[in-house]
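Let me begin by presenting the structure, written as structure tokens, before commenting on it.
The numbers here are math on the coordinates, done by the rules we state, and not lab data. Owing to the predicted nature of the structure, the values given are computational and were not obtained by experimental measurement.
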Amino acid sequence: MSAVRIERWGLAVALLMLAISIAWMQPMVSLSLLGGAAISVGSFMLMRLIVEGALKRRGVTRAALIAAAFLKLAVVGVVLWWVVTRLAIRPLPFLVGLSTIMLAIGVESQYARGKKTGEDVT
């Protein structure tokens, strides 16, 4: 599995969910879903960049990587707290948007499994 492909699947899943919500739901539902998906995919992208950057540099300690990961986690936590407490979002669509990366990981794993075994995954 590739982290970049998971990001692409995440964007595809988010766009699909957004298109469905725009077609059949209220605008606030779509905005809430988009906000959750943006935080989810953005957080995953940021973590990938942190890990790739640390692996490319020689001499980066494991402690520095862990510190960067915890800093990212704290920033995402503050952003989530701010969105939930300060903005008028719909909680359920927001949570569905946050699950975008989990769905993308599932799609990518099935895609990779199908490529490995030669099965038709469609």
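Computed quantities for the displayed model
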{"quantity": "For region 102-107, 3J(HN,Hα) per residue [Karplus equation, 6.51 cos²θ - 1.76 cosθ + 1.60, θ = phi - 60°, Hz, x = Gly/Pro]", "calculated": "4, 5, 5, 5, x, 5"}
{"quantity": "Per-bin percent of Cα-Cα distances, the chain [10 Å]", "calculated": "13, 35, 31, 17, 4, 0"}
{"quantity": "Gained length - Leu15 relative to Lys72, 0.36 nm times residue gap less alpha-carbon distance", "calculated": "18.1 nm"}
{"quantity": "Max mean-square fluctuation residue, GNM over the chain, Cα-Cα springs under 10 Å, options Arg90, Arg58, Arg48", "calculated": "Arg58"}
{"quantity": "Relative contact order %, the chain, counting alpha carbon pairs below 8 Å whose residues are six or more apart", "calculated": "45 percent"}
{"quantity": "Choice from Gly36, Gly97, Gly106 showing the highest fluctuation, given a GNM over the chain with Cα pairs closer than 10 Å", "calculated": "Gly106"}
